[in-house]
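Asker: Have a look at the structure that comes next, please.
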Amino acid sequence: MKLFFLLKEGLAGFQRARLSATITIVTVTLSLTLIGMFGLIVQNLSHSFQQLYNKIQLEVFIDPSLSSSQVDSLARYLNSLDGVGYVNYITPQHALKEFESDFGDILSVLDANPFPPSFRVVLKGGYRKMNEIESIVRKIEALEEVDEVNYQRNIIRLMNKYFLLGVIITSAVGATIFFISTMLIFNTIRLTIHSRRNLISIMRLVGATRLFIKGPFVVEGILQGLLGSLFACGLLWLGVDIIRTALFPTLHIPLYYYGFLILTGTMLGLIGSYISIGKYLKY
Amino acid sequence: MIELFNVSVTLGKRPILDHISLKIQKGEFVYLIGKTGAGKTTLLKLIYMDLFPTRGNVIVDKYSSSSISPRHIPYLRRKVGVIFQDFKLLTDRNVFDNVAFALQVIGVPGKKIKPRVLAVLNRVGLTHKRYVMPDKLSGGEQQRVAIARALVNEPFVLLADEPTGNLDPHVSKEILSLLESINRSGTAVVMATHNYDLIRQYPHRTIVLDNGRLYKEIPASQIQGKKK
């Protein structure tokens, strides 16, 4: 009975105060869409960044006269180095094929395959700092069998330089957007409850317990937060779909992201209404 | 049943009530009179514990203002009906729902609500208007709905804060007659009013407040009656 009353009154409150309920839902929708859009940008930028990072690899050109057993033992040694994820051996033929697939026929210009045999050394996730990479490079360059080590030194240096700055700026902007949105939602809920202080005072007067007074408002707050977040997810999904079709086919948004928005909206509705109603419940 | 022991209420440094002691018996009808700001509303608020004394103690039924915990206050209020000059009805629901609301919010099972609401509406003479919205009712009818809402929980006392303040003399008399009939059935009534004419027409013990002090008490027998 109690639960039924709380749910019924919560839903009825929704219908009775349509305008303020609509304002709250629209506020939640817009705020969460904003948060979602920001998250989407950050997510995709960091994804691209990560992909760029994952491409960090060393090209280790080796002496073409090495026997296959020497190549094998060199591969084993490279694999055993700290920070090395895995090693791929690239034969001259394979290197030629790769080049030709990118740039076309080369043997018509040159008489012989110009590519030496090499190893592609992919580093582990944790080894992305310049000094760590340079230390690995130094160890490899010191080997007799190795002719040369190539890697994207400048790009890594640039990425290292701006990564922390990027993290700080995005965190600050994200926190600001989240704070403003939360305040906006809280205030809208507060106004909704303030507009119904008469109802609350009557409930107190006739002897309703705190649970009975708070319940319907909290149910209403949860519903408003839930609906607002669902609309925000809908808008975001639509937005992502349009942008993906028209501009960036690689744009993606993980499913848990929608879950996060729904949870955030619902929690904001719950907490906002719970705190706001408390103000009117001295005794 | 209701007892105030040397009660004072101050707001900041301003005294609102000053050393008030009084007792209201079970089933009694008592008027509180005094100028605006004399402390009538404050005294009523002390009884339904919307306000607590700065000094002294208020006993209502088995509850004491000095020891009651916030979670017990709703249970006290179920035994105390309150009506106001401005009725305080919910304008978004009809007469029946306004009265039923007082039962719903204290968890009375649904099937018990309808007969109780109809009985109390019959008592205040509004059964035929149960589906009407409050804004379609006259002032007197709205006050009757408020009285029905206050009575539906069968309180032992009805507190009335200037219940006739917004009503014309004829309707005021009707409301007083209703309050008297409620009182005759055993519910105590404590009514704050400015309307001395009504007191003369319906004489009961009268407590006179002046500047937060209990100026005097006039027994019903000493009030010069007037033709109703």
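The values are calculated or read from the model by the stated rules, or taken from the named source; none is laboratory data. Everything numeric here is computed off the predicted structure, so don't read it as measured data. Because the Cβ atoms are built from the backbone with ideal geometry, glycine has one as well, and the counts that use them run over all protein chains shown. Heads up: the accessible areas ignore ligands, DNA and RNA and are worked out on the full protein's heavy atoms, side chains in. Shrake-Rupley method; radii C 1.70, N 1.55, O 1.52, S 1.80 Å.
Asker: Might you let me know whether the stretch B:189-196 holds any residue that is aliphatic (A, V, I, L, M) and either within 14 Å of chain A (Cβ to nearest Cβ) or open to solvent by 10 Å² or more (accessible area, probe 1.4 Å) (or both)?
Answerer: So far as the stretch B:189-196 goes, no, none of its residues is aliphatic (A, V, I, L, M) and either within 14 Å of chain A (Cβ to nearest Cβ) or open to solvent by 10 Å² or more (accessible area, probe 1.4 Å) (or both).
Asker: Restricting the search to the stretch A:195-220, which residues are assigned to a helix (DSSP H, G or I), free of Cβ contacts under 8 Å to residues at least 60 places away in the same chain and not aliphatic (A, V, I, L, M)?
Answerer: A:N198
Asker: Next question, about the same structure. Which of (1) more than 14 Å from chain A (Cβ to nearest Cβ); (2) modelled with pLDDT of 95 or more; (3) within 27 Å of B:L176 (Cβ to Cβ) does B:Y131 not meet, given it meets every other one?
Answerer: It fails just one condition, (3).
Asker: Looking at the stretch A:235-283, which of the residues that are loosely packed, with under 12 Cβ neighbours inside 10 Å and polar (S, T, N, Q) is modelled with the lowest pLDDT?
Answerer: Only one residue tops the list, namely A:T250.
Asker: Identify, by number, the condition in (1) open to solvent by 80 Å² or more (accessible area, probe 1.4 Å); (2) touching a Ser or Thr at 6+ places or on another chain (Cβ under 9 Å) that A:L211 doesn't meet.
Answerer: All conditions pass for A:L211, except number (2).
Asker: Within the stretch A:131-180, which residues are at pLDDT below 85, of a type in the set (V, I, T) and within 18 Å of A:N44 (Cα to Cα)?
Answerer: A:V167, A:T170
Yes/no matrix, rows are residues, columns are (1) under 30 Å from B:K216 (Cα atoms); (2) in contact with a Leu (Cβ under 6 Å, 6 or more places away or on another chain); (3) surrounded by fewer than 20 Cβ atoms within 10 Å (Cβ to Cβ):
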site: B:V58; (1), (2), (3): yes, yes, no
site: B:I83; (1), (2), (3): yes, no, no
site: B:F87; (1), (2), (3): yes, no, no
site: B:T91; (1), (2), (3): no, no, yes
site: B:A119; (1), (2), (3): no, no, yes
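Asker: Can I ask one more? Is it the case that A:T176 is surrounded by 13 or more Cβ atoms within 10 Å (Cβ to Cβ) and among the β-branched types (V, I, T)? Explain how you work it out, then say what you get.
Answerer: Numbers: surrounded by 13 or more Cβ atoms within 10 Å (Cβ to Cβ): no; among the β-branched types (V, I, T): yes.
Answer is no for this residue.
To keep it simple, each residue is scored yes or no on (1) out of contact with any strand residue (DSSP E or B) (no Cβ under 9 Å at 6 or more places or on another chain); (2) open to solvent by 20 Å² or more (accessible area, probe 1.4 Å).
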| site | (1), (2) |
| --- | --- |
| A:L3 | yes, yes |
| A:Q15 | yes, yes |
| A:R18 | yes, yes |
| A:T24 | yes, no |
| A:Q43 | yes, yes |
| A:I62 | no, no |
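Asker: Still on this structure, I have one more. Within the stretch A:97-128, count every residue that is of a type in the set (D, E, K, R), at pLDDT below 75 and within 18 Å of A:Y86 (Cα to Cα).
Answerer: 1
Asker: Filter the stretch B:60-71 down to the residues that are facing chain A (nearest Cβ under 10 Å) and open to solvent by 70 Å² or more (accessible area, probe 1.4 Å) and list them by number.
Answerer: Scanning the stretch B:60-71 gives B:P70, B:R71.
Conditions tested, residue by residue: (1) aliphatic (A, V, I, L, M); (2) more than 13 Å from chain A (Cβ to nearest Cβ).
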| site | (1), (2) |
| --- | --- |
| B:S21 | no, yes |
| B:K26 | no, yes |
| B:L76 | yes, no |
| B:G81 | no, no |
| B:F84 | no, no |
| B:F87 | no, no |
| B:L90 | yes, no |
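Asker: Also, quick follow-up: Give the number of residues within the stretch B:136-154 that are over 20 Å from B:K173 (Cβ atoms) and either among the hydrophobic types (A, V, I, L, M, F, W, C) or at pLDDT below 95 (or both). Quick ask: steps written out before the conclusion?
Answerer: Residues of the stretch B:136-154 over 20 Å from B:K173 (Cβ atoms): B:136, B:149, B:152-154.
Now narrow it down to the ones that are either among the hydrophobic types (A, V, I, L, M, F, W, C) or at pLDDT below 95 (or both): B:152-154.
The total comes to 3.
Asker: Another question, then. Identify, from the list A:R197, A:R190, the residue that is open to solvent by 20 Å² or more (accessible area, probe 1.4 Å) and within 14 Å of chain B (Cβ to nearest Cβ).
Answerer: Numbers: A:R190 fails: within 14 Å of chain B (Cβ to nearest Cβ).
Just one listed residue meets the conditions, A:R197.
Asker: Continuing with this model, one more query. Quick one: in the stretch B:95-115, which of the residues that are away from chain A (no Cβ under 11 Å) and surrounded by fewer than 18 Cβ atoms within 10 Å (Cβ to Cβ) is farthest from A:R204 (Cα to Cα)?
Answerer: Checked the stretch B:95-115; the qualifying residue farthest from A:R204 (Cα to Cα) is B:P115.
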